[in-house]
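A quick write-up on the structure given underneath.
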2 protein chains.
Amino acid sequence: MHDTAPAAKAAAWLADLGERLGRGEIARALELFADDCYWRDLVAFTWNVKTMEGKPAIAAMLEATLARTAPSSWQVTQASGTGTEPVQAWFTFATATGKGRGILTLESGKCRTILTTLQSLDGHEEPLGATRPMGVRHGADRNRKKWTERRAAEEAAYGNGADPYCLIIGGGQGGIMLGARLRQLGVPAVIVEKNAKAGDSWRNRYRSLVLHDPVWYDHLPYIPFPANWPVFTPKDKMGDWLEMYVKAMELTYWGGTECTSASFDEKEKRWTVELVRDGKPVTLRPAQLVFATGAYGPPKFIDLPGASDFRGEVLHSSQYSDGSAYAGKKVVVIGAASSAHDVAVDLWEAGADVTMVQRSPTTVVRSETLTELAFDTYSEAAVERGIDVDTADLLGAATPFALQPAKQKALYDRIRARDAEFYRKLEATGFLLDFGHDETGLMMKAYRTGSGYYVDVGASQLIIDGEIGIKAGVGIETLTPGGIRFADGSEIQADTIIQSTGFQSMHEVVAKIVSRETADSIGTCWGLGSGTRNDPGPWHGELRNMYKPVAQENLWFQGGNLALSRFFSKFVALQIKARMEGIPTPVYATPLV
Amino acid sequence: MHDTAPAAKAAAWLADLGERLGRGEIARALELFADDCYWRDLVAFTWNVKTMEGKPAIAAMLEATLARTAPSSWQVTQASGTGTEPVQAWFTFATATGKGRGILTLESGKCRTILTTLQSLDGHEEPLGATRPMGVRHGADRNRKKWTERRAAEEAAYGNGADPYCLIIGGGQGGIMLGARLRQLGVPAVIVEKNAKAGDSWRNRYRSLVLHDPVWYDHLPYIPFPANWPVFTPKDKMGDWLEMYVKAMELTYWGGTECTSASFDEKEKRWTVELVRDGKPVTLRPAQLVFATGAYGPPKFIDLPGASDFRGEVLHSSQYSDGSAYAGKKVVVIGAASSAHDVAVDLWEAGADVTMVQRSPTTVVRSETLTELAFDTYSEAAVERGIDVDTADLLGAATPFALQPAKQKALYDRIRARDAEFYRKLEATGFLLDFGHDETGLMMKAYRTGSGYYVDVGASQLIIDGEIGIKAGVGIETLTPGGIRFADGSEIQADTIIQSTGFQSMHEVVAKIVSRETADSIGTCWGLGSGTRNDPGPWHGELRNMYKPVAQENLWFQGGNLALSRFFSKFVALQIKARMEGIPTPVYATPLV
């Protein structure tokens, strides 16, 4: 029957929603929702990144935003669903200021989840495809500036009287992708990076590093990796690609530049940012300041009692690059998450005698298993089904964080059953294995704390085979001149100790550059407020302080892996562009502290 | 009626062809063709680039190639056509050695044209998409070489004992695209280029140069230009893209390298190639040698009587880069094709007093008109209709050269009508305008001689306005100390004379590097043998000596604009790969001399 087809169901539901919202009938609109419902909004209604959970929260959001958002032109573009599966529909809509796209799910005719995202600002659409630039003004012109001259003039102006509208601190993937989005939107931006060249943030890392996520998950916007690109990108190849990308996208990128301080003038609404570029001081006065200094902030060192007695070297994993100096040496790696495993393998390959000191349990998933079971929308098969990376990103965003643990637990139940023998062998070594507080696995750990997991690309077999030693579940009592003594009285010898103990919150970078007071007013970054270990509540429902307005105005955080940086850079860029154009951006819900 | 649908018609016809060829019934197969028929084959049947015109030629080709080609699995994939239009169908097929793709047209149920192309060699398919490389061997490995180490070792080996299978002389777009295709096919190749860096062949040209063809026509294989790329690429941006491309595709590219000589050992079937790399001699011994030194060979200077009397400077347009030294000077540009027009505009923009000496008529087309009327399959609209660049390329190749003049004449009739007023004004200046020997316009001139045309991006208006002077149709009698005296006794003053007089055939490069004897045995490159001015017969039906076996074995010519380089690089690469793998490649039809 035609009227029960998913597209027709979704179209009827959306027409109802549109009509009721159009009349300002919020209570009647809420009748269209299931009791357990979620509305995730990315910048379209709230000028925020925000999930409203349940009818009261949705009602409150609509009361505050509906009149000024004036949504219209709701249109289903695609739908799926069967008798047993919920209807899932893609749709487009318009607001008072732009165009949007979303995904909704219906269960028994009522809306369980809806995602609304702003995609473009009216009158400020990106020049792409048919509206791309011409590249040349035909006709003769005695004052013609050729392309290199125009680019050079643009580059030379900053720091010599001209200020960018936006300054991005940190020129890794997160800063670069945001820079590309801003460039496309015509927002003057400068990216500053302490390393000499774009891509060095990858090149400078440990020798054997290869991306743990497959290529389909890692695309940069505008210039996707080609079809011959390897599944797992080697770090230096990634570095070269980023360097090329910066040039092709015509970004203003200052390598060899450190940011020493930034202060905000509340009256002028501009930052004064002090930089040291190639050893020389430069001051820029941007309106917007973005911290894109890495997902997790500065290295975190743990306090090691007796460290002054230790005769060897102690370093942080972020300082480690190459095992060649450690052949034949005894090296202890403290920590058991991704970097710890990678560094341990690198050392073992170089011929070191490696022991990993595991202080808390780790979630381990074999790379092959993850690629096969968890990346179904980011794969060659998905591409063949017509699911490109942008489609996959929006699909992923359609599930609110609150509903993800159940999905993830089901996935990890399958993963644990499939690799039971592998996990049995790994635990037999004494390795402390877990799947998170609520058995939800790697991805939830990543969102909650960004730590405590490892995608196995080889280290686990070395641990199983006893090639990499494991010392787990026993506290470090003290360092001795020759190694480490544990709480149980046991000792291990060490020539070198490498702390793979993670990173501090990004807001520590703000403390260093802006002020402790500003950093504390903002609070920590990342985490969902899940109330699990290292992710204290209250429940936030989105990544804390990321990609959205924070307690300090005109300050933003951009970061995460390639996929999150890619997806959210679009929304960060739209928020900044709207402010530059003077489009009203009333933020719904004050930032959580 | 279902059976008259284009796809069904085409499928029935192709099934008939497949069956008759399968039985070796050549005469019966020919019954399926119209009297005025064409079979264009790119490497699939002939291991050559060859168009058979008429039934006797097709019969002769099939007699020689059918048994060893053993075509099978003919399958229509797509078809179009109405009662009035001929049926056009895309199809796939298999041969004894690989897979192919083609396009055929049927008129009144009989085949008018058929294109067969080899797309891949069985067992040597390109690793793309689902078969792309992993990028890392998971698992620990004490002898692991990381990606940069492997790449560095590969690069260092050549010239230190290791030889590439293929050496490409010339690292412009043609050499680079072929290098990329060979890399994908696993053929060890080195590209040598006299300029320091990839992209310099564009960067070093005159200041205001911008591609005259739109972006949709200019894509490189594997990494298409992104959607924000300008329609007309500025030369330096093109240079940067090529440099990036070489790195991303992992090509071995020796900049700063000149090839001084090459000789072929008939017994060993290897070349001995003497190079000077960064001032040091290097010898390489590749099996295959490709000349990709530019479509048209070295600069062509014309003899100017009295040149020794002339007090000013005489240079070739290829030596010209920037007009800034010519402000206020009198400059005469000899020639009236693309470079002459571009150089004249560049000089005018710099404030020079410019006169163009036109020796023979020029075909001029306004860029806007060309983009609108001639690039219908290379446009944003085409992309939206699902015609990507590979589809457009194969469509273009489906019309044999013999049938192109009629199509092109119809196009130019429209162009001349549309821009009649523009052409009237241009001719009123004395400018000699033509549309080729048979009124077929720019593209046929490009194929026949590669000269005598200009895509107007601004110079014509300057000529119409009298800003660039024109001296046309009068022979140069002699240079004088201060300028040029013409056959009619008139004189013009000149501080500088720039010869925009084109380029010699690519076979002149062979004369310089290999030997005059080898060059003469090969004969000139380019041109169709149309019997029109500068393209003497006999009729060849394809571009002479380009992209296919020539009189000297293991020597190839690759070149042309971005589109031709892109399309044919695939077939050059397949021919070379087959030879490397020892796949028999009996070439049908000895190369024309």
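With the Cα gyration tensor of the stretch A:84-193 giving a ≥ b ≥ c as the square roots of its eigenvalues, does the rule (a/c under 1.5 for rounded; else a/b larger than b/c for prolate; else oblate) give rounded, prolate or oblate?
Verdict is prolate for the stretch A:84-193.
Any idea which of B:Phe45, B:Gly24, B:Ala10 is furthest toward the positive side of the dipole for the stretch B:1-57, if Lys and Arg beta-carbons carry +1 and Asp and Glu beta-carbons -1?
Result: B:Phe45.
Placing +1 on the Cβ of each Lys and Arg and -1 on the Cβ of each Asp and Glu in the stretch B:437-535, which of B:Leu442, B:Trp526, B:His507 has its Cα farthest towards the positive end of the resulting dipole?
B:His507
Tell me, what is the 1.4 Å probe accessible area of A:Ile583, in Å² to the nearest 10?
So the heavy atoms of A:Ile583 present about 30 Å² to solvent.
I need the inter-copy label distances for A:Asn204: point set 7 Å along Cα to C-beta, values in nm with one decimal, smallest first.
3.6
Sort A:Asp390, B:Asp346 by heavy-atom solvent-accessible area, probe 1.4 angstrom, most to least.
A:Asp390, B:Asp346
Angle check, please: helix B:6-22 long axis (alpha carbons) against the longest principal axis of chain B (alpha carbons), in degrees 0 to 90, nearest 10.
Its long axis makes an angle of about 70 degrees.
With a 1.4 Å probe and every protein chain left in place, work out the accessible area per residue of the stretch B:396-470 in Å², rounded to a whole number.
Normalised by residue count, the accessible surface of the stretch B:396-470 is 40 Å².
Counting only Cα, what are the radius of gyration and maximum Cα-Cα distance Dmax of the stretch B:24-169, in Å?
22.1, 69
Just the projected area, averaged over all directions, of the convex hull on the alpha carbon atoms of the stretch B:189-233: how many nm²?
Mean projected area of the Cα convex hull: 4.4 nm².
Say a label goes 7 Å from Cα toward Cβ at A:Arg142 in every copy; what distances in nm does this one have to the rest, shortest first?
Label point to label point, same position, other copies: 7.6 nm.
Return the loop-located GluC sites (Glu not before Pro) in the stretch A:387-462 (DSSP other than H, G, I, E, B) with at most 12 other Cβ atoms within 10 Å of their own Cβ; answer none if there are none.
Of the GluC sites (Glu not before Pro), not one in the loops of the stretch A:387-462 has a Cβ with at most 12 other Cβ atoms within 10 Å.
For helix A:404-418, report the angle its Cα long axis makes with the longest principal axis of the Cα atoms of chain A; keep it between 0 and 90° and round to the nearest 10°.
Taking Cα atoms only, the helix is inclined about 40 degrees.
Determine the relative contact order of the stretch B:332-384: mean sequence separation of Cα pairs under 8 Å and six or more apart, normalised by residue count, in whole percent.
RCO, the stretch B:332-384: 35 percent.
Just in the stretch A:109-164: which trypsin sites (Lys or Arg not before Pro) are loop by DSSP and have at most 16 other Cβ atoms within 10 Å?
In loop regions of the stretch A:109-164 (DSSP not H, G, I, E or B), the sparsely surrounded trypsin sites (Lys or Arg not before Pro) are A:Arg137, A:Arg142, A:Lys145.
Mind putting together the pair-distance distribution for the protein assembly as shown? All Cα pairs, 20 Å bins, whole percent per bin, short to long.
The calculated distribution, bin by bin, is 10, 34, 36, 18, 3, 0.
Send over the semi-axes of the stretch A:401-533's equivalent ellipsoid, whole angstrom and largest first, taken as the square roots of 5 times the C-alpha gyration tensor eigenvalues.
So the equivalent ellipsoid measures 30, 27, 12 Å along its semi-axes.
Have a look at the stretch B:228-254 and report residues whose accessible surface goes down by 30 Å² or more when the remaining protein chains are included, against the chain on its own, probe 1.4 Å, ligands and DNA/RNA excluded.
Flagged in the stretch B:228-254: B:Asn228, B:Pro230, B:Val231, B:Phe232, B:Pro234, B:Asp236, B:Lys237, B:Asp240, B:Trp241, B:Met244, B:Lys247, B:Ala248.
How large is the direction-averaged shadow of the alpha-carbon convex hull of the stretch B:73-135, in nm²?
5.6 nm²
How do A:Ser80, B:Ser120, B:Ser565 stack up against each other in accessible area, from largest to smallest, with a 1.4 angstrom probe?
Sorted descending by solvent-accessible area, the residues read A:Ser80, B:Ser120, B:Ser565.
Can you tell me how the stretch A:37-81 classifies by the Cα gyration tensor, rounded, prolate or oblate, using a/c under 1.5 as the rounded cut? Can you show the working numbers first?
Working: a/c = 1.87, a/b = 1.30, b/c = 1.43.
Because a/c hits 1.5 or more and a/b fails to exceed b/c, the stretch A:37-81 counts as oblate.
If the label for B:Asp278 sits 7 angstrom from Cα along the Cα-to-Cβ line, what are its distances to the same label in every other copy, in nm to one decimal, shortest first?
Going from nearest to farthest copy, the values are 2.3 nm.
Could you give the spread of the C-alpha atoms of the stretch A:335-441 along their three principal axes, from largest to smallest, in whole angstroms?
Reported extents, whole Å, longest axis first: 48, 31, 24.
Which percent of Cα pairs goes in each bin when the distances of the stretch B:240-340 are cut into 5 angstrom slices starting at zero?
Answer for the stretch B:240-340: a P(r) of 2, 8, 12, 14, 15, 13, 12, 11, 8, 4, 1, 0, 0 percent.
How big is the dipole moment of the stretch B:5-85 about its Cα centre under a simple scheme where the beta carbon of each Lys and Arg is +1, that of each Asp and Glu is -1, and everything else is neutral? Debye, nearest 20, please.
Working: 8 positive and 10 negative charges, 50 e Å.
The dipole magnitude comes to about 240 debye.
Mind listing the Cα extents of chain B along all three principal axes, in Å, largest one first?
In descending order, the Cα extents are 74, 68, 48 Å.
Going from most exposed to least, what order do B:Met443, B:Met506 have by accessible area with a 1.4 Å probe?
Reading off the accessible areas and sorting them downward yields B:Met443, B:Met506.
Given +1 on the Cβ of Lys and Arg, -1 on the Cβ of Asp and Glu, and no further charges, what dipole in debye does the protein assembly as shown carry about its Cα centre, rounded to the nearest 20?
In total the dipole reaches around 380 debye.
Please give the average number of partner chain Cβ atoms lying within 10 Å of the Cβ of each residue in B:139-150, rounded to a whole number.
So the per-residue partner count for this stretch is 6.
Find, among the GluC sites (Glu not before Pro) in the stretch B:18-69, those assigned to loop by DSSP (not H, G, I, E, B) with at most 15 other beta-carbon atoms within 10 angstrom. Display every interim value, and only then the final one.
Numbers: sites: B:Glu19, B:Glu25, B:Glu31, B:Glu53, B:Glu63; in loops: B:Glu25, B:Glu31.
Sites meeting the loop and neighbour criteria: B:Glu25, B:Glu31.
Provide the descending list of Cα extents for the stretch A:296-394 along its principal axes, expressed in whole angstroms.
The Cα atoms of the stretch A:296-394 stretch 60, 29, 23 Å along the principal axes, largest first.
What part of the accessible area of the stretch A:239-384, given as a whole %, is carbon or sulfur when the probe is 1.4 angstrom?
Looking at the stretch A:239-384 in its full context, I get 47 percent from C and S.
Over the stretch A:230-291, what portion of Cα pair distances is larger than 20 Å, expressed as a whole percent?
Counting pairs separated by more than 20 Å, the tail of P(r) holds 48 percent.
With Cβ to Cβ distances under 13 Å as the rule, what net charge do the other residues near B:Arg424 carry (K, R +1; D, E -1)?
0
Give the chain B residue with the shortest beta-carbon distance to the rotation axis relating chain B to chain A, plus that distance as a whole number of Å.
Reported as residue, whole Å: B:Met244, 2.
Along the charge dipole of the stretch A:217-291, Cβ charges K/R +1 and D/E -1, which of A:Gln288, A:Trp241, A:Ile223 sits furthest on the positive end?
A:Gln288
Using a 10 Å cut-off around each Cβ of peptide B:376-386, what is the average number of partner chain Cβ atoms that fall inside?
Mean inter-chain Cβ contacts per residue within 10 Å come to 1.
Only helical DSSP H runs with n ≥ 4 go in: add -39500 (n - 2.57) per run for chain B, normalise by residue count and round the 222 nm mean residue ellipticity to 500 deg cm²/dmol.
-9000 deg cm²/dmol
With the contact rule set at Cα under 8 Å and sequence spacing of 6 or more, what percent relative contact order holds for chain A? List each step's numbers first, then the result.
Details: 1189 pairs, mean separation 93.2, N = 593.
Once normalised by length, the contact order is 16 percent.
Using a 1.4 Å probe on protein heavy atoms only, how many Å² of accessible area do A and B hide from each other, summed over both chains and rounded to 100?
That pair hides around 5000 Å² of surface in total.
Using a Cα-Cα cut-off of under 12 Å, which aspartates and glutamates could be cross-linked to B:Lys110, ignoring same-chain neighbours fewer than 8 residues away?
B:Lys110 reaches B:Asp16, B:Glu31, B:Asp35, B:Asp36.
When averaged across all projection directions, what area in nm² does the alpha-carbon convex hull of the stretch A:181-320 cover? Working shown, then result.
Numbers: hull surface 48.6 nm².
It is 12.1 nm².
Antiparallel versus total DSSP beta bridges in chain B: what percent is that, nearest 5?
Working: 52 of 95 bridges.
Restricted to chain B, the bridges split so that about 55 percent are antiparallel.
Rounded if a/c is under 1.5, else prolate if a/b beats b/c, else oblate: with a ≥ b ≥ c from the C-alpha gyration tensor eigenvalues square-rooted, which is the stretch A:5-64?
The shape class here is prolate.
Inverting the mean 1/r over all pairs of different Cα atoms, compute the Kirkwood radius of the stretch A:332-382 and quote it in Å.
12.8 Å
The values are calculated or read from the model by the stated rules, or taken from the named source; none is laboratory data. Being a predicted model, the structure only gives us computed values, none of them experimental. Cβ: placed from backbone, ideal geometry, glycine included. Neighbour counts: every protein chain shown. Note: accessible area is taken over every heavy atom of the protein model, side chains too, but ligands, DNA and RNA are not part of it. Shrake-Rupley method; radii C 1.70, N 1.55, O 1.52, S 1.80 Å.
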